[in-house]
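Undergrad: Mind looking over this structure? Questions follow.
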Amino acid sequence: MERNDLCWCGSGKKYKKCHMQMEEKLAILADEGHIVPTRDMIKTPAQIEEIRKSAALNTAVLDHVAAHIHAGMSTEEIDHLVYDYTVSHGGIPAPLGYEGFPKSVCTSINNEICHGIPDESIILQEGDIVNVDVSTILNGYFSDASRMFCIGETSERARRLVQTVAECVELGLKEAKPWNHLGDIADAINSHAKANGYSVVEDIGGHGIGLEFHEEPFVSYVTEKGTEMVLVPGMMFTIEPMINEGGPDFFVDEDNGWTIYTEDDGLSAQIEYMVLITEDGAEVLTK
Ligand code: MF3
Ligand code: CO
């Protein structure tokens, strides 16, 4: 691309007035051995506009769940809330049929780390902590976020875990800004979890998102400050740490092939934000 060409991002500006400086800086960082994003990890203004709409619907679905979740309901009912609301607003639940996933949402209770499958026989009990992970496709664009819900009166022990994961995500978000590294986000999250006596799940992490459900980069929450990919405006990914009160080890449900449980049966909590790196920080698109 020449300096006076129109920029590849479709902004209508000349390359030299648009992404040229950023790409020159990335080339230097790459030479120095840093991991840098490729162009396909940087969303264009037109894509961002569309993905924002998907993300807004995703937040509305989560709000709808928040308004109706209660002790005594089945996770199947949560699935219906998500399916009906999404479809009636022109969207498609992204999990449905994704690599064979049978439902529209993930509902993960207590010792389930993630990928819990809604079922008529699973009834929310007073004292449960449940992660509801909602992902939406609108006009072909993807969004993804999850919240923790405390059902009725929850134990102090459970509340503290949920409170801590909420703090972890916020601390991670503060590190999500141009020219920081993904490892800066991870370190902020991991340090806070550890300081509270918790562990962060390794191997399962966040992901780029927008044009696909799961894009590059993989986002770990256990890597070191100053390592992993450099962040630049236009990148979009999820911050979704899974925090365990016990050890970080897990196993996968043998029967359904999806649900991931803590190895030691301890509680696990997760909160997921989907963020866009902006000129001076990050914007939360859905949470
Ligand atoms: N929403 C999950 C994530 O944050 C992905 C779930 S995949 C599914 O990456 F198929 F289980 F829905
Ligand atoms: Co998700």
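Bear in mind these aren't lab numbers, they're just calculated from the coordinates by the rules spelled out. Fair warning: this is a prediction, and the values are worked out from it, not measured in the lab. A quick note on method: Cβ atoms are made from the backbone with ideal geometry, for glycine too, and the neighbour counts reach across all protein chains shown.
Undergrad: Which FRET efficiency, nearest 0.05, do Glu153 and Asp265 yield, Cβ-Cβ r, R0 35 Å?
TA: On the way: r = 22 Å, r/R0 = 0.62.
That gives a FRET efficiency of 0.95.
Undergrad: Would you please give the residues with an amide H less than 5 Å from that of Leu6, counting only those at least 5 places away or on a separate chain, with H modeled from the backbone geometry?
TA: The list, which skips near neighbours in sequence, is Tyr15.
Undergrad: Tell me the label-point distance for the pair Asp253, Asp31, using the 7 Å Cα-to-Cβ offset, in nm and rounded to one decimal.
TA: 5.2 nm
Undergrad: Which whole-number percent is the relative contact order of the range 43-286 (Cα, under 8 Å, 6+ apart)? Don't skip to the end; give the middle numbers.
TA: Numbers: 630 pairs, mean separation 51.7, N = 244.
Answer for the range 43-286 is 21 percent.
Undergrad: Now for a separate question. Whose amide H sits under 5 Å from the amide H of Ala94, counting only residues 5 or more places off or on another chain, with H placed in the peptide plane?
TA: Here the answer is Ser135, Thr136, Ile137, since their amide H atoms fall under 5 Å of that of Ala94.
Undergrad: Measure off 7 Å from each Cα along the Cα-to-Cβ vector at Glu224 and Glu126, then give the distance between these two points in nanometres to one decimal.
TA: With each label point 7 Å from Cα toward Cβ, the separation is 5.0 nm.
Undergrad: Residue by residue, what Karplus-based ³J(HN,Hα) values in Hz, rounded to whole numbers, does the range 230-240 have, using 6.51, -1.76 and 1.60 with θ = phi - 60° and x for Gly and Pro?
TA: 6, 9, 9, x, x, 6, 9, 7, 9, 10, 8
Undergrad: Which translational diffusion coefficient, to the nearest whole µm²/s, is obtained for the range 120-271 from the Stokes-Einstein equation, given a Kirkwood hydrodynamic radius over C-alpha pairs, 25 °C and 0.890 mPa s? Walk me through the intermediate numbers first.
TA: Numbers: Rh = 16.3 Å.
Translational D for this selection: 151 µm²/s.
Undergrad: Also, quick follow-up: What are the residues whose amide H is under 5 Å from the amide H of Gly116, where those residues sit 5 or more places off or on another chain and H is modelled from the backbone?
TA: For Gly116, the qualifying residues are Thr107, Ser108, Ile260.
Undergrad: Give the residue list of GluC sites (Glu not before Pro) in the range 247-281 that are DSSP loop and have at most 13 other beta-carbon atoms within 10 angstrom. All intermediate terms of the calculation are to be shown ahead of the outcome.
TA: Working: sites: Glu254, Glu263, Glu272, Glu279; in loops: Glu254, Glu263, Glu279.
Answer in residue order: Glu254, Glu279.
Undergrad: If R₀ is 35 angstrom, what is the calculated FRET efficiency for the pair Thr44 and His89, using the beta carbon separation as r and rounding to 0.05?
TA: Values: r = 25 Å, r/R0 = 0.71.
My answer for the efficiency is 0.90.
Undergrad: Quick one: putting +1 on the C-beta of Lys and Arg, -1 on the C-beta of Asp and Glu, what dipole do you get for the chain around its Cα centre, in Debye to the nearest 20? Please report the intermediate quantities before stating the final value.
TA: Details: 20 positive and 49 negative charges, 314 e Å.
With only Lys, Arg, Asp and Glu charged at Cβ, the dipole is about 1500 debye.
Undergrad: Okay, moving on. Over what distance in Å are the Cα centres of the range 230-260 and the range 131-162 separated?
TA: Centre-to-centre (Cα) distance: 13 Å.
Undergrad: Which ³J(HN,Hα) values, rounded to whole Hz and listed in residue order, are derived for the range 151-157 from phi using the Karplus coefficients 6.51, -1.76 and 1.60 in 6.51 cos²θ - 1.76 cosθ + 1.60 with θ = phi - 60°, glycine and proline given as x?
TA: Karplus values, whole Hz, x for Gly and Pro: 8, x, 6, 10, 5, 4, 4.
Undergrad: While we're on this one: Enumerate the calculated ³J(HN,Hα) couplings along the range 80-95 in order (Karplus 6.51 cos²θ - 1.76 cosθ + 1.60, θ = phi - 60°), each rounded to whole Hz, writing x wherever the residue is Gly or Pro.
TA: Rounded to whole hertz, the list is 5, 4, 5, 4, 5, 5, 4, 5, 6, 10, x, x, 10, x, 5, x.
Undergrad: Of the GluC sites (Glu not before Pro) in the range 32-124, which ones lie in a loop per DSSP and count no more than 13 other C-beta atoms within 10 Å?
TA: Values: sites: Glu32, Glu49, Glu50, Glu76, Glu77, Glu99, Glu112, Glu120; in loops: Glu32, Glu120.
Loop-located and lightly packed - Glu32, Glu120.
Undergrad: So how compact is the chain: Cα radius of gyration and Dmax in angstrom?
TA: When restricted to the Cα atoms of the chain, Rg and Dmax are 19.4, 63 Å.
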